[in-house]
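As structure tokens, the structure follows; a few thoughts come after it.
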Amino acid sequence: MILDEIEKYYFRHNYQNEVGMILEISKDTFHKMQKEDKQMIKLGNPDENGELKPMLNSQVFVVDTDDFKWAWKKRF
């Protein structure tokens, strides 16, 4: 599942020890995640800025792009 991949990557790279990490998810990936995992339904839909409820103590944004599926990024 996509959510499992995201969580494994987060912990493998010790992002829990980093300040200011955000998760960006493409719209297509977000829709796939909603189909795969009921937990995603709890997060609801993105607001007008594309922001979802936090996951893993990090901000989450759904972005309109085809360049990537998802990415952890450092927010400055």
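The values are calculated or read from the model by the stated rules, or taken from the named source; none is laboratory data. Quick caveat, the model's predicted, so the values are computed rather than measured. As a convention, Cβ positions derive from the backbone with ideal geometry for all residues, glycine included, and neighbour counts pool all protein chains shown.
Close contacts from segment 1-20, counting a first residue that is exposed (fewer than 12 other Cβ atoms within 10 Å of the Cβ) and a second that is assigned to a loop (DSSP other than H, G, I, E, B) and charged (D, E, K, R), with Cβ to Cβ under 6 Å and a gap of 6+ residues or different chains, come to 20/75. Filtering segment 57-66 for residues that are within 13 Å of the chain's Cα centre (by Cα), exposed (fewer than 14 other Cβ atoms within 10 Å of the Cβ) and of a type in the set (S, T, N, Q) leaves a non-empty set.
When residue 53 is tested against (1) in contact with a Leu (Cβ under 6 Å, 6 or more places away or on another chain); (2) part of a strand (DSSP E or B); (3) in contact (Cβ under 8 Å) with a residue 12 or more places away in the chain, exactly one condition is not met: (3).
So that you can scan it fast, the table gives a plain yes or no per residue for (1) part of a helix (DSSP H, G or I); (2) under 25 Å from residue 76 (Cβ atoms); (3) at pLDDT 90 or above:
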| position | (1), (2), (3) |
| --- | --- |
| 6 | yes, yes, yes |
| 11 | yes, yes, yes |
| 23 | no, yes, yes |
| 29 | yes, yes, yes |
| 32 | yes, no, yes |
| 35 | yes, no, yes |
| 42 | yes, no, no |
